[in-house]
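A.B. asks: There's a structure below that I have some questions on.
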């Protein structure tokens with residue numbers, strides 16, 4: 001618990017990774033076709049969630065760049081959503097959310113990722129059998145485009 005609090009008051013970015021210590025930040029791996037996941041994610045990121053708006057997208061590369069406004073101070077943050085097929089042909093979803101201001105986010109970016117993934121599960125109508133172990137059968141995600149330090 002103390003580690004999560006320390007991270008929340010010292011970071012301004014959150015991202016998913018299959019080996020993340022926080023299970024909510026392990027991304028998603030679906031037994032659902034890419035096109036269906038892509039469509040649902042695009043709809044959610046383009047005003048399907050309060051304060052979200054798509055800036056650019058590229059379905060060939062599986063990248064959606066969005067901005068999300070919210071949190072305690074109503075700051076605008078940058079979000080990168082990567083949707084890919086893993087080596088077992090399952091659809092993988094990873095996100096990075098970073099505060100534009102550079103200041104600490106008090107956990108807002110991690111909560112934003114969790115909210116998006118839960119909304120995506122619901123939008124897809126994903127059953128527990130379709131939401132696979134995010135850490136299995138997969139190499140670590142590539143560094144997010146546009147949010148490299």
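The values are calculated or read from the model by the stated rules, or taken from the named source; none is laboratory data. What you see is a predicted model, and the numbers here were worked out from it, not measured in a lab. Cβ sites come from the backbone with ideal geometry, for glycine too, and all protein chains shown count toward neighbours.
A.B. asks: Restricting to the range 52-75, name every residue that is under 15 Å from the mean Cα position of the chain (by Cα) and modelled with pLDDT of 95 or more.
C.D. replies: Listed by number, the residues that qualify are 52, 53, 54, 57, 62, 63, 64, 65, 66, 67.
A.B. asks: Just checking, how many residues over the range 82-109 are touching a helix residue (DSSP H, G or I) at 6+ places or on another chain (Cβ under 6 Å) and buried (at least 16 other Cβ atoms within 10 Å of the Cβ)?
C.D. replies: Of the residues in that region, 6 qualify.
A.B. asks: Working only within the range 33-47, note down all residues that are within 16 Å of residue 112 (Cα to Cα) and without any contact (Cβ under 8 Å) to a residue 60 or more places away in the chain.
C.D. replies: Answer for the range 33-47, where residues must be within 16 Å of residue 112 (Cα to Cα) and without any contact (Cβ under 8 Å) to a residue 60 or more places away in the chain: 42, 46, 47.
A.B. asks: Taking residue 36, is it modelled with pLDDT of 95 or more and surrounded by fewer than 17 Cβ atoms within 10 Å (Cβ to Cβ)?
C.D. replies: Yes, satisfied.
A.B. asks: Here is a further query. Sort through 14, 41, 45, 8 and tell me the only one that's crowded, with 19+ Cβ neighbours inside 10 Å and at pLDDT below 95.
C.D. replies: 14
A.B. asks: Here is a follow-up. Within the bounds of the range 79-96, is there any residue that is more than 24 Å from residue 23 (Cα to Cα) and either free of Cβ contacts under 8 Å to residues at least 40 places away in the same chain or out of contact with any strand residue (DSSP E or B) (no Cβ under 7 Å at 6 or more places or on another chain) (or both)?
C.D. replies: no
A.B. asks: Give the number of residues within the range 90-111 that are at pLDDT 95 or above and not in a strand (DSSP E or B).
C.D. replies: The number of residues fulfilling the criteria is 1.
A.B. asks: Search the range 119-149 for residues being out of contact with any strand residue (DSSP E or B) (no Cβ under 8 Å at 6 or more places or on another chain) and either buried (at least 17 other Cβ atoms within 10 Å of the Cβ) or over 15 Å from residue 16 (Cα atoms) (or both), and hand back the single one that is modelled with the lowest pLDDT.
C.D. replies: Ranking the candidates gives 149 first.
A.B. asks: Just one of the numbered conditions (1) within 11 Å of residue 14 (Cβ to Cβ); (2) out of contact with any strand residue (DSSP E or B) (no Cβ under 8 Å at 6 or more places or on another chain); (3) at pLDDT below 90 is not true of residue 114; which one?
C.D. replies: Of (1) within 11 Å of residue 14 (Cβ to Cβ); (2) out of contact with any strand residue (DSSP E or B) (no Cβ under 8 Å at 6 or more places or on another chain); (3) at pLDDT below 90, only one is false for residue 114: (3).
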